[in-house]
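Please read the structure below before turning to the comments.
We did not get these values from a lab; they are worked out from the coordinates using the rules stated. Because the structure is a prediction, the values reported are computed rather than measured. Positions of Cβ are generated from backbone atoms using ideal geometry, with glycine treated the same way; all protein chains shown enter the neighbour counts.
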Amino acid sequence: MTREIQPSRSTELPPWSHLTPNKVNRWSFSKVFSNIVISALSIFFAVPMLWLALASVDKNATFQTKLPVLTAEHYIVSLESGNLAALRNSLVISLVASTIGTVAAFFAAYSFSRHHIVWKGPILLGILFLSGVPITILIVPMYEMFSSAGLLTMFPTAVLLGVTALPFQIYLIKNFIDAIPRDLEEAAYIERAKTWHVLWSVILPLTMPGLASAALFGFVNAWGSFLIPLVLISSDNQQAAPVRLFGFVNATSIDYGAIAAYSIIYSLPVVVLYLALSRQFKAGFVLGGAVR
Amino acid sequence: MIRFENVWKVYGNYAAIYDLQLEVRDGEFMVFVGPSGCGKTTTLKMLAGLELPSFGRIWSDDKDITLLPSGQRDVAMVFQSYALYPHMTVERNLAFGPTVRGEPKAEIAERVKHVASLVGLESLLRRRPDELSGGQRQRVALGRAMIRQPRIFLLDEPLSNLDAGLRTRMRTEIAELQRRVGVTTVYVTHDQVEAMTMGHRIAVFNQGRILQVDTPANLYRAPANKFVGTFIGSPKMNILPAALSATGGSVDVKCLGTEFSVSGQYLAGKDLPSSVELGIRPDDIHWTKDAPSRCTQKMQGIVGGVETTGSETFVLVNVRGTEVNSKFPSFAPIRIGQTVDLVFDPVDLHFFDAVTGNTLRKDPPGQSERSEFRPAQPIN
């Protein structure tokens, strides 16, 4: 098809050959300036990553960025059974926290979005405020509570970590549910659908991108948490990876190579999770075709 | 029969629906028409069970359904937005209702096939709504409502998102479908042409009240008040200021420099107000060179604008400061600024009270045979 339209390339000139093409000036001050600024910023953020990658394979790793003397020993240290167990603990804690937070936030967000709730505005404002308060300020009373109830183990900590992400997750999911037209629910109710059916077959599929973001947020929030596992988990073999990472720093020396290698391994699950959920993000909001 | 009995919908101090009384007969195609914000969609939603009336009752035959949840009313609805589930294929959209009601799978598949062929969607069953055109989406919404035989079929401006050509076609198709299936239907629209072409009866809404419920022909010929008169019919009815004085059996009318008398039997009531508003449709005002002989009353004015549609020409004539729209033959040799003579027959006039806007006429102008509604016979 397209070949027929094009003029034969050797003999004839195309019929527009005598016209001057419209061109936008590619060089302008604002373009050059903004590109320079962006480049500077990206270098600023890339250097630590570069250090991480180089130090993890450098026999004589220090805090400086330099060409490495190659070795795999830091990775071997990182994958020792204790370190590996800590990663597994973190994975369990984060999955539990993320699941609990996301599920609870979904129901809360639906209620906030659709139902008439007395003092809804102030309550939502309170939640928004809470999402900005660091949980660490409550760490002492939380410790007292957990310790007196005998809960200084992995799972109660995971639940608490899930709760800390809840306010933000509620807000995030609520925004997605707000955007779903009520007509869709009303159409379902007219067909005699029950509330759970509407939630499951109409609201849930359309909130997927929001749920994915909320789940990822909950996971990362728990995954990166250092202080809460440190304080609330008493047993060493239930301890989370960030606390283990801190163990590479001791009074006399800092094992930079092992820190770098363990950090890279530690960051992988988040990357994998992000990639796994990226389809959901990419799908964007699939409301196209619902309403015109 | 569906009956609204003293139904109000009040938001704070504002009455969105004002003491509504209405009956929808079985098998009837009832159209709610009115400008936006007049309460027609609110009324429909109260019938669907999606809005709760503040006061009053809604009856379905002898059953009070005012407080019944929408799922138990046996209504099917087509939303203005279509409300298709964007994450489901056309097939699953159609099957949604029966599936949530737990009907047998084989039966559902059968019915989906049947409905798809009815609305012409067989080849699109695997598509999702965002892969469909506006008209196709509209068909899916229609099909989804038709997958069962509901007690009432509700349509909320289903054609307002379609382009003009498609709208005209769907108009006939929906009306034809309703007559074939015979389900009681309430159809909301702001387009008076849709109302006139589709409905057995039309309820004209304005500002939360029903102004008139009647057949299209009667609404057109005998509008109960000025609003109905100007809302129904395109282009709009002309409203001209006039003075009345009763002398014996006849009434003298002075209007824009012309004087004539009409027989008193046309007008209801003994105490006629002295100043009234005359309504006359553009179709009833003729150019002297193209007028039926019965037109005796003459007006003269200056042409202010000409609109040609091809089949006819509407000319805006300035008669003593009042714009009068009148129908001329197509491509009449008329220029802006020209002085033209217009004639009309006083029989075609509508008389409205200048204060209340209510009609003062007794009989519909023109012929007065009434077209009665006959419910459609369902064919099985």
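When the Cα gyration tensor is reduced to axis lengths a ≥ b ≥ c, the ratio a/c is 1.5 or higher for chain A, and with a/b not above b/c it is classed as oblate. Mean separation of Cα pairs under 8 Å and 6 or more residues apart, divided by the residue count, gives chain A a relative contact order of 28 percent. In terms of its C-alpha gyration tensor, chain B has a prolate overall shape, because the principal axis ratio a/c (a ≥ b ≥ c, square roots of the eigenvalues) is not below 1.5 and a/b outweighs b/c. Between the beta carbons of residue A:36 and residue A:275, assuming R0 = 41 Å, the FRET efficiency works out to 0.85 to the nearest 0.05. Under 5 Å from the amide H of residue B:212 lie the amide H atoms of B:204, each residue being 5 or more positions distant or on a separate chain, with H modelled from the backbone and absent for Pro and chain starts. The simple Förster model, with R0 at 60 Å and r as the Cβ-Cβ distance, assigns residue A:227 and residue A:12 a FRET efficiency of 0.20.
Residue pairs exceeding 25 angstrom between C-alpha atoms, taken from A:194/B:45; B:40/B:327; A:174/A:194; B:236/B:362: B:40/B:327.
Note on residue A:159 and residue A:70: the extension gain reaches 27.9 nm, defined as 0.36 nm multiplied by sequence separation minus the Cα-Cα distance.
Provide, as a two-decimal number, the C-alpha radius of gyration of region B:79-176 over 2.2 N^0.38 Å, N being how many residues it has.
1.03
DSSP finds beta bridges in the protein assembly as shown, and of those with both partners inside it, around 80 percent are antiparallel.
Near residue B:285, the amide H atoms lying under 5 Å from its own belong to B:327; only residues 5 or more places off or on other chains count, and H is placed 1.01 Å from N. Applying 0.36 nm per residue to the separation of residue B:311 and residue B:254 and subtracting their alpha-carbon distance, the gain on full extension is 17.2 nm. For region B:182-190, putting each phi into the Karplus relation 6.51 cos²θ - 1.76 cosθ + 1.60 with θ = phi - 60° gives couplings of x, 7, 4, 10, 10, 10, 9, 7, 9 Hz, in residue order, rounded to whole numbers and with x for Gly and Pro.
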